[in-house]
Structures are given as C-alpha cells and as structure tokens.
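One structure below.
Readers should treat all values here as calculations from the given coordinates under stated rules, not as data from a laboratory. The structure displayed is predicted, hence computed values, not measured ones. Cβ placement follows ideal geometry from the backbone for every residue including glycine, while neighbour counts extend to all protein chains displayed.
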Amino acid sequence: MSHVATIAVSILFDGLAYAMFLFITSVGLSVTMGLMGFVNLAHGAFAMAGGYFVVSLTRSLGLGFVPSLVVGSTAVGLISIPFERYLYRRLYKSTDLEQVLLTIGLAFMSIAVFTYFYGPIPKSVPLPDWLEGDVNLGFRAFPSYRAFLIVLGAALISVLWYAFEKTNIGAKIRAAVDNRRMAESVGINVDRLFTLTFALGSGLAALGGALAIQLFGLTPSFAVLYLVLFLIVVAVGGLGSLKGTLLAALVIGIIDTGGKYAFPVAGNLFIYAITVIVLLIRPAGFYGRD
Amino acid sequence: MAVTETVAAASARDQTRERAAEFLISRHRYGWPEALPWLIAIACYFVFPDRMTFGSQVLVMIMFALSLDLILGYAGIVTLGHAAFFGIGAYVVALGALRLGWSEPISGIVAAGLVAGLAGAVVGWFILRYRGLTLLMLTIAFAATLQESGNLRSDITGGYDGLPGLTFDPLLGYFDYDLYGHTNYLYALVVLAIVFYFVRRIVYSPFGQALTGIRENVRRMYAIGSPVHLRLVTVYAVSAAIAGVAGALFTQTNAYVTLTVFDFDYSAKVMVMLILGGTGRLYGAFIGAVVYLIMEDNLSKLSPTFWQFGIGLLLVLAVLFARRGLLGLLEDAPWRKRKKP
C-alpha cells in the first residue's frame with residue numbers, strides 16, 4: 001500500500017473511533033435538549049462519574065472491564081433520575097441563563113467531589129488481554145481497543161436507530177421533539193418520557209466517559225474539558241436529531257484527527273473552526289429545526 | 001367646548017410626558033449611597049497598604065464584570081466567551097510593549113479598548129442574529145479559537161508559558177510603579193471610575209431602555225420598529241471595548257500575561273461573580289467581584305477543592321433561591337419592605 005493511503009486509512013480509522021466516542025457521549029444530550037430545550041452543562045459530569053465508577057469497579061472490586069462498563073453506566077443512569085426529578089424539573093420554564101448557572105454549578109460541585117475522593121492525578125483502567133495490542137484485518141493491523149470502540153459504537157447506533165424509528169416509545173420521543181404541546185394533547189406523558197430519555201442519555205454519557213479513559217486518561221476536569229466538545233456535537237448536529245448527532249460526530253471526529261495529524265500544534269482549532277462555519281450557515285445545525 | 005377639551009387633552013398629554021421624563025431623570029440622578037463603594041475603595045488604599053496588588057486585581061475584575069453586566073444584565077445576551085475580549089485587550093498591550101516598544105500605559109489602554117471594541121462589533125454582527133444554544137456555542141467557540149490560534153503562534157504570544165517581564169513607562173511620565181502596587185491601585189481605580197461613569201450614562205439613556213426592552217420582550221421591540229440587531233451589536237461592541245480595557249489593565253498591573261486569559265473557566269468565573277452580585281443593577285458587579293475574590297483568596301488557601309465545591313453550591317442556591325443576586329436579597333430584606341407602600 002502506498003504511503004499516502006496508509007496514512008489516510010489510519011486517520012479514517014482513528015477518526016471513526018473518536019467519532020464513536022463523541023456520538024455515544026453526546027447523543028443523550030442532544031435528545032434531552034431537543035425535548036425540553038434545557039441547556040445541560042452538567043452532562044460532562046455524568047460522563048466523568050461513569051469513568052470513575054468503572055475505575056473503582058475494575059481496580060477495587062476486580063470486576064472485568066466489560067461488566068464494569070455495564071454496571072457503571074447503569075448506575076449513573078439511575079443516579080441521574082433524582083437530579084432530573086428534583087432539580088432540573090424546576091427550571092424547564094426558566095431562562096437559558098438560569099439553566100446554564102444551575103448546571104455549571106452542579107458541574108463544579110461534581111469536580112470537587114471527585115477530586116476529593118480520587119485526587120487530581122489521571123486514572124487508567126486495566127484492560128482485558130483481547131483489548132490490548134493489535135487486531136489483524138488481513139490487509140493491515142489496527143489497535144484492538146479502537147476497533148472495539150468502532151464495533152460497539154456501530155452496535156449502539158443500530159439499537160438506538162431501531163428504538164428511535166421503529167418502536168412505540170421512539171415515535172413518542174420524536175413526536176415530543178417535533179411539537180411538545182401537540183404530543184401532550186394526544187395523551188403522551190412528556191414528563192415521564194423526559195425522565196426516561198434523561199436517564200438513558202446520562203447512562204450513555206457515563207459509558208462514553210468510561211470508554212474515553214483509555215484514549216485520553218481521566219481527571220476530574222473531564223467534566224468541563226470535554227463538555228464544550230459534546231455541546232459542539234449537539235449544536236452542529238441539530239437538537240434532538242439522531243442522524244444529525246451521528247453526522248456531526250463523524251465530521252468532527254475525522255476532520256479533527258486529520259487536522260491534528262497534519263498540524264499537531266493546532267490543537268482543537270479545526271473543531272472550533274468547523275463549529276463557527278456550520279453554525280453561521282445553519283444556525284440550527286445539520287438536521288435541526290429553526 | 002371642543003377647544004377646551006383639546007386643551008385639556010393636550011395638558012394631560014404634557015403631564016404624562018413630563019412624568020415620563022421626570023422618571024427617566026430621577027433614575028439618572030446620583031444618590032448619596034452611590035458614593036459608598038468609592039469611599040470604601042479609597043479607604044482600602046489607606047487601611048490595607050500591603051494588599052494593593054490584590055486590590056488592583058479586584059478592581060480589574062469589577063470592570064470585567066461590569067462589561068458583562070452591560071450585555072447580560074441589560075441586553076440579556078447569554079455568553080460564555082467574554083474572556084475573548086478581555087484577552088484581546090490584554091494581548092494588545094502586552095504585544096505592543098514587547099514587540100513594538102509601545103509602553104506608554106494610557107494610550108495602550110485606549111488602543112486595547114478600540115481593538116477589542118472593533119472585534120466585538122465584527123463578531124457581534126455575525127453572531128447576534130442567533131439566540132439560545134447556538135449563540136452560547138458561538139461565543140465559546142470564538143474565545144476558544146483565539147486561544148488555539150494564540151497557541152499556534154506561541155513564538156509571538158508566548159503560549160501558555162506567557163510573556164513575563166513586561167515593562168511600562170511611568171504613568172503620565174511621572175508616577176512610577178512601586179513594588180507594593182500603590183500606583184497601580186489608584187490607576188485602576190481612576191480608570192474604573194471613568195468606565196463606570198460611561199456605563200451608567202449608557203444604562204440610563206433611552207438606548208439603555210431599548211436594551212432592557214429587547215431583554216424583556218424582543219418581539220414587541222421589533223413591532224415598535226426598534227433596530228434590534230443594530231442595538232445589540234452596538235452594546236456588544238461597547239461591552240467588548242470595556243472588557244478590553246479591563247484586560248489591558250490586567251496585563252499592566254501584573255506585568256505578565258498568558259493564554260489562560262482566554263480560558264472557558266475565566267468566562268464562567270466572571271459570570272459567576274456577576275450573578276452572585278446581581279445582574280442588571282450596576283453595583284452588582286462591585287459586590288459580586290469583591291465577595292467572590294475575597295472568598296476565593298481565603299478559602300482556596302485552605303483547600304481549592306472545598307472552594308470549588310462551595311462556588312458550585314453557591315450557584316445552585318442562587319438559581320433556586322436568590323435569582324437576583326446578593327443585591328436582590330438586600331432589596332428584599334424585611335427592613336426595606338416597610339418603606340415601600
């Protein structure tokens with residue numbers, strides 16, 4: 001294989017893995033924002049909580065990596081329910097500013113709590129043997145962990161797509177995103193629907209946070225550091241759109257990986273440039289509604 | 001008969017008009033309590049002569065919070081990227097002194113204000129058509145873009161290591177900077193007083209009323225023919241210029257600057273200060289910045305983790321129980337209620 005093609009395949013592969021992380025973590029935020037128009041800056045805190053739960057489950061309790069992912073994200077999903085019931089619910093009709101302040105306050109508190117219990121030093125997780133090293137796909141070898149991320153992401157996308165487009169509850173969610181009042185007047189309990197999607201979204205964020213440990217390491221600042229990234233995916237993709245979130249995650253993941261390969265010092269510059277350009281042309285994002 | 005009716009109607013109209021004018025003028029009038037913060041600031045100069053460096057930081061943050069109050073408190077623009085303009089001002093002065101040898105402080109501040117104001121006008125013209133999440137993301141992305149660009153050319157900006165050892169000419173060619181920051185404190189206080197006078201004029205002018213109208217009900221402002229976009233861009237540019245002046249003062253009083261001035265945390269911090277003090281009420285910026293920085297100075301020495309938890313808790317409590325900040329609480333206090341009919 002020629003040199004250029006090798007690099008292109010690497011960028012595509014790494015970019016795809018990155019995009020899967022972005023999608024898994026952001027999709028819940030997109031749906032909950034689309035449903036209630038609630039600006040949730042504490043979403044990154046749920047992702048971080050998932051990461052730390054998995055660290056504790058694997059390191060202290062000796063649970064396997066994959067079972068820990070399941071237990072950790074389920075736990076965060078359940079924990080998020082009282083937050084939605086008792087704090088978020090009070091501010092659905094408030095201004096953007098009040099929602100921003102409440103949730104950024106929660107994010108700060110979560111950073112402090114996790115710093116207190118885990119310390120500021122980056123954490124890692126022990127991986128099972130089959131996720132270490134490379135996997136050979138015939139024409140070349142790829143890092144196993146990223147391959148796992150891509151397969152897992154593809155599986156989740158299929159499940160979510162099926163749930164969103166083919167099931168009764170998915171139809172209700174889509175109806176409520178499109179027109180909340182109309183959905184309520186035909187008898188859909190939007191409040192309960194929202195609690196459900198909120199818990200599911202937080203659980204997925206926790207899964208994303210746990211998967212990210214191997215890629216970026218985990219510190220308490222994760223809650224704010226990557227929050228901007230999740231918000232960008234949601235805003236660029238369009239609120240409440242599964243398709244939009246996936247497209248935004250792919251575009252940002254692949255372009256950012258390529259950009260960082262070509263200009264390592266540029267950091268996240270490419271991501272911000274894409275955001276500004278897309279939002280100036282399409283303020284509601286790829287698949288958003290004005 | 002008809003004539004007298006017309007005269008009566010006209011005089012009634014004049015009276016209403018006079019009452020409206022009287023209302024606007026009386027709002028504008030200075031009251032005695034307003035001298036209090038300034039007297040305290042001057043008293044601090046004599047009472048805490050060894051804390052003047054900290055005092056200058058407080059004054060700079062008051063100015064930064066004041067600039068945010070103009071757009072957030074009065075015009076209702078929610079931004080988490082206002083550090084962009086603070087950073088522009090800071091770097092105009094720093095790069096001017098280091099690369100161009102332009103170390104005259106007062107003209108440096110003016111230049112910083114102009115550049116930041118121009119940037120605010122251009123950026124504002126593009127982004128102020130949008131509201132909600134889109135606007136929030138655009139403000140964050142703009143500040144982050146500046147930070148990343150600065151890091152890209154760290155040979156010019158000094159990157160995250162910063163530009164240390166900046167030197168500035170003596171103030172007005174006469175007052176030199178001392179080790180304890182006495183000159184800096186008075187200098188910052190005078191600049192703040194000038195900026196405050198200017199902001200106060202804006203807020204109580206018909207233009208300021210139009211901004212409040214946009215915040216409260218933007219559709220009605222369109223309906224009565226107010227040029228909403230132009231008003232928003234204007235106030236955004238003015239606010240950006242003030243933030244730029246605050247940034248320039250920050251660089252001059254510290255003689256040091258790094259790319260962290262563009263941080264998301266920095267934008268969030270100034271917003272927290274303003275919320276704590278109370279938005280849309282001029283002196284909220286003063287109370288918020290003073291309370292926040294004094295608490296930070298004391299509590300973060302004890303434990304930074306504890307401080308971060310506290311500030312998060314404060315925000316949550318402020319949203320749930322004190323939506324108008326400390327000044328709002330003060331106004332609602334029981335001993336104030338009795339005075340009002």
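General remarks:
- Residues B:PHE46 and A:SER185, FRET efficiency given R0 of 45 Å [Cβ-Cβ distance, rounded to 0.05]: 0.10
- For segment A:99-211, the fraction of alpha-carbon pairs lying more than 20 Å apart is 64 percent, rounded to a whole number.
- Listing B:MET137, B:MET52 from fewest to most neighbouring C-beta atoms within 10 Å gives B:MET52, B:MET137.
- Multiplying the residue separation of B:ASN217 and B:THR6 by 0.36 nm and removing their Cα-Cα distance gives an extension gain of 72.5 nm.
- Taking every alpha-carbon pair under 8 Å whose residues sit at least 6 apart, segment A:3-281 reaches a relative contact order of 41 percent.
- Estimated FRET transfer efficiency when R0 is 41 angstrom, pair A:ALA155-B:ALA121 (beta carbons, to 0.05): 0.25
- Segment B:61-136: relative contact order as a whole-number percent, Cα under 8 Å and 6+ apart: 33
- Rounded to 0.05, the FRET efficiency of the A:ASN136 and A:PHE216 pair, given R0 = 30 Å and the Cβ-Cβ distance, is 0.70.
- Crossing angle, helix B:228-254 versus chain B [Cα axis fit, 0-90 degrees, rounded to tens]: 30
- Acute angle (nearest 10 degrees) that the helix B:264-277 long axis makes with the longest principal axis of chain B, alpha-carbon atoms: 40
- If you wrap the Cα atoms of segment B:66-169 in a convex hull and average its projected area over all directions, you get 7.1 nm².
- Since only A:PRO126, A:SER94, A:VAL265 are under comparison, the one whose Cα sits farthest along the positive direction of the charge dipole of segment A:3-281, derived from C-beta charges on Lys, Arg, Asp and Glu, is A:SER94.
- Between segment A:98-162 and segment A:1-36, the Cα center-to-center distance that results, in Å: 13
- Cα→Cβ-extended label distance, 7 Å offset, between A:PHE263 and A:ARG85, nm: 5.0
- Crossing angle, helix B:105-127 versus chain B [Cα axis fit, 0-90 degrees, rounded to tens]: 60
- For the residues of B:311-324, the average number of beta carbons from a partner chain within 10 Å of their own beta carbon is 5.
- For chymotrypsin sites (Phe, Trp or Tyr not before Pro), the sites in segment B:212-295 that DSSP calls loop and that have at most 16 other Cβ atoms within 10 Å are B:TYR256.
- Average partner coverage of A:38-49, which counts Cβ from other chains inside 10 Å: 1
- Evaluated with a Cβ-only charge set (Lys, Arg +1; Asp, Glu -1), the protein assembly as shown carries a dipole of roughly 2020 debye about its Cα centre, given to the nearest 20.
- Residues B:SER154, A:SER68 arranged by fewest to most Cβ contacts within 10 Å: B:SER154, A:SER68
- Counting other Cβ atoms within 10 Å as a rough exposure proxy, the listed residues B:ILE242, A:ILE255, A:ILE277 run A:ILE277, A:ILE255, B:ILE242 from fewest neighbours to most.
- For peptide B:148-157, the mean count of partner chain Cβ atoms within 10 Å of a residue's Cβ comes to 3.
- Label zone at A:LEU225 (point 7 Å along Cα-to-Cβ), backbone N below 20 Å, segment A:105-141: A:105-127
- Sequence-distant aspartates and glutamates (8 or more away, or on other chains) whose Cα lies within less than 20 Å of A:LYS166: A:ASP178
- Taking chain B and dividing mean pair separation by its residue count, relative contact order in percent (alpha carbons under 8 Å, at least six apart): 30
- Within segment B:39-61, backbone nitrogen closer than 14 Å to the virtual label 7 Å beyond the Cα of B:ARG200 toward Cβ: B:39-41
- Centre separation in Å (Cα based) which lies between segment B:97-153 and segment A:204-279: 24
- For A:LEU218, distant residues with modelled amide H under 5 Å away: A:LYS123
- Full-stretch length increase - B:TRP38, B:LEU330 - with 0.36 nm per residue and alpha-carbon distance subtracted: 103.2 nm
- Rg and Dmax of chain A, Cα atoms only, in Å: 18.9, 61
- Rg/Rg_globular for chain B, with Rg_globular taken as 2.2 N^0.38 Å and Rg from C-alpha atoms: 1.08
- Distance between the pseudo-spin-label points of B:ARG131 and B:GLN209 (7 Å out from Cα toward the beta carbon): 2.3 nm.
- Principal axis extents of the C-alpha atoms in the protein assembly as shown (largest first, rounded to whole Å): 91, 72, 47.
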